[in-house]
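Derivation of every value follows stated rules applied to the coordinates shown; laboratory data play no part. If you're wondering where the values come from, they're calculated on a predicted model, not measured in any experiment. Methodologically, a virtual Cβ is constructed for each residue, glycine included, from the backbone with ideal geometry; neighbour enumeration extends over all protein chains shown.
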Amino acid sequence: MTIKTDIISVVNKGKSPVILTGPHNGWAIPAPHIDNGRPLGLAPHWFARGSKLRRHEACDWGVQDLFDEIQRQNSDICLLSAKYSRLLVDLNRIPAFSICEGSSETGEPIPGNRNLSDKERLERIETYYTPYHSAIDDLITDTRRTHGKVIWLDIHSFSPTWLGKPRAVGIGTLKLARSSLTETAEAWLAEQFPHLFMADQPYDLSDERHREMSCGHLIAARNNLDYFGLEIRNDLLSGTRQISDMANHIIRLTQAIS
């Protein structure tokens, strides 16, 4: 089953116990939040998929391409994608931190997110944030009912540099606690990517700053699931061959932990 709305896309619903989620897959900004051609008051290149000036803060670039290729290679894995940019509302954060007023890297202001009233913030969260999280909960409930279990992976990408410094890690993991799932997955990743993989990088959820902002623990708690995510450096998703190879690895990873 396929579900497509302005806010989310779900493909292969209910066909297997595996669910991949991409809360930062999208880069669009809805028309009411574009002022004189400037999305959220920012230069359009922030959100331009093909621009060298695109900003990682606008989207986890490459992940939607990865999802499309996973769908092409395997028609059973359920894929949930967000369509709007995380600068509109960050679906991977708890609601209180979901609307960023400035760049987390450079401090540049995001005009369309500043000076919002409580009503405006609540309306944006209810319009764009809540439907995504309701979709996750519904998918998990339906999948568990159909298959008796759920294997959930949250997929992200990250930039090759941060604050002007290169990042050595190519593939990392996100987890709240060690479990049989996380240990099996991390052992598999270490074997497949010996020179690229580092656990709990580039964001370590044992760090209170990251853990408190992330909504992973909320989704996991209300659905009685382990939270486990992958972080892929986006230059590893920059070409057709790279995306095809990474999709194959993700499919094989889901088989290893099933």
(request) Give me the distance in nm between label points sitting 7 Å out from Cα along the Cα-to-Cβ direction at Thr106 and Arg222, one decimal. (result) 3.5
(message) Could you tell me which residue out of His56, Gly37, Pro23 lies farthest along the dipole of the chain toward its positive end? Charges go on the beta carbon: Lys and Arg +1, Asp and Glu -1, centred on the Cα centre.
(response) Gly37
(message) Just to confirm the filter: which chymotrypsin sites (Phe, Trp or Tyr not before Pro) across the range 110-185 are DSSP coil and have at most 11 other Cβ within 10 angstrom of their Cβ?
(response) none
(message) So for the chain, averaging the separation of alpha carbon pairs under 8 Å that are six or more residues apart and normalising by length, what relative contact order in percent results?
(response) 25
(request) Would you work out which of Ser180, Tyr128, Ile70 lies farthest towards the positive end of the dipole of the chain? Charges go on Cβ: Lys and Arg +1, Asp and Glu -1. (result) Ile70
(request) Please quote Rg/Rh for the range 1-98 to two decimal places, taking the Kirkwood radius as Rh and restricting both calculations to Cα atoms. (result) 1.01
(message) Compute the distance from the alpha-carbon center of the range 100-149 to that of the range 1-65, in whole Å.
(response) 13
(message) Using the crude model of +1 on Lys and Arg Cβ and -1 on Asp and Glu Cβ, and no other charge, please compute the dipole size for the chain relative to its Cα centre, in debye to 20.
(response) 380
(request) Show that you can apply the helix-only estimate: for the chain, add -39,500 (n - 2.57) for every DSSP H stretch of four or more residues, divide by all residues, and state [θ] at 222 nm to the nearest 500. (result) -9500 deg cm²/dmol
(request) Return, ordered by residue number, the residues of the range 65-105 whose backbone nitrogen is under 13 Å from a label point located 7 Å along Cα→Cβ of Lys15. (result) 68-80
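To the nearest 20 Debye, how big is the dipole of the range 167-233 about its Cα centre, given +1 on the beta carbon of each Lys and Arg and -1 on that of each Asp and Glu?
160
Taking only Cα atoms of the chain, what ratio of Rg to Rh do you get with Rh as the Kirkwood inverse-distance radius?
Working: Rg = 17.5 Å, Rh = 18.7 Å.
That ratio is 0.94, to two decimals.
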(request) Work out the count of Lys pairs in the range 1-148 where the Cα-Cα distance is under 20 Å, with the pair 8 or more places apart or on different chains. (result) 4
(request) Choose one of Asn12, Ser157, Ala82: the residue whose Cα lies farthest towards the positive end of the charge dipole of the chain (beta-carbon charges +1 Lys, Arg; -1 Asp, Glu; about the Cα centre). (result) Asn12
(message) Given a 10 angstrom Cα cut-off, can you work out which residue in Ser206, Ser180, Ser238 is the most mobile in a GNM of the chain?
(response) Ser180
